[in-house]
1. Can you give me the Rg/Rh ratio for the chain, using Cα atoms for both radii and the Kirkwood formula for Rh?
2. Pairs of alpha-carbon atoms within less than 8 angstrom and 6+ residues apart define the contacts here; what relative contact order does segment 7-82 have, in percent?
3. What's the ranking of 58-70, 33-45 by average number of surrounding C-beta atoms within 10 Å, highest first?
4. Calculate for the chain the 222 nm mean residue ellipticity that helices alone would give, adding -39,500 (n - 2.57) per DSSP H run of length 4 or more and normalising by residue count, nearest 500 deg cm²/dmol.
5. Using label points projected 7 Å from each Cα along Cα→Cβ, tell me how many nm separate Thr61 and Asp4, to one decimal.
6. Say a paramagnetic label sat at a point 7 Å from the Cα of Glu45, along Cα to Cβ; which residues of segment 7-38 have their backbone N under 18 Å from it?
Amino acid sequence: MNSDRVALGEYVEVDPPSRVVFTWGWEGDGAVPPGSTRVEITLREDGDFTILSLRHTGFTTDGATASHREGWPMYMERLSVAAPGGDPGPDPTATTHP
């Protein structure tokens, strides 16, 4: 994955503090163009914790599905470190420029 890619979409539904739905896609990507897929995130309180559920639908190729199936868990893990104020470290997919 190239971190120089730009994800674009629009908010479809915002229901604070428990739900957000938005379209998703990559600028310049024919397989997953901007706004072509849908991401639904729900948050549910569970004692001292919050359960985040993420559903990403609308892919038209198995490759795009597989790529996002691998990417989301990595970024959710990074979010679980960053949300309470931790440092998840550098993005392992980031491209460094001299």
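No lab work stands behind these numbers, since they all come straight from the coordinates. Computed from a predicted structure; not experimentally measured. Backbone-built Cβ (ideal geometry, glycine too); neighbour counts: all protein chains shown.
1. 0.99
2. Reported relative contact order: 20 percent.
3. Highest-to-lowest ranking by the protection proxy: 33-45, 58-70.
4. When only DSSP H runs of four or more count, the value is -7500 deg cm²/dmol.
5. A separation of 2.0 nm, rounded to one decimal place.
6. Output list for this probe position: 15-20.
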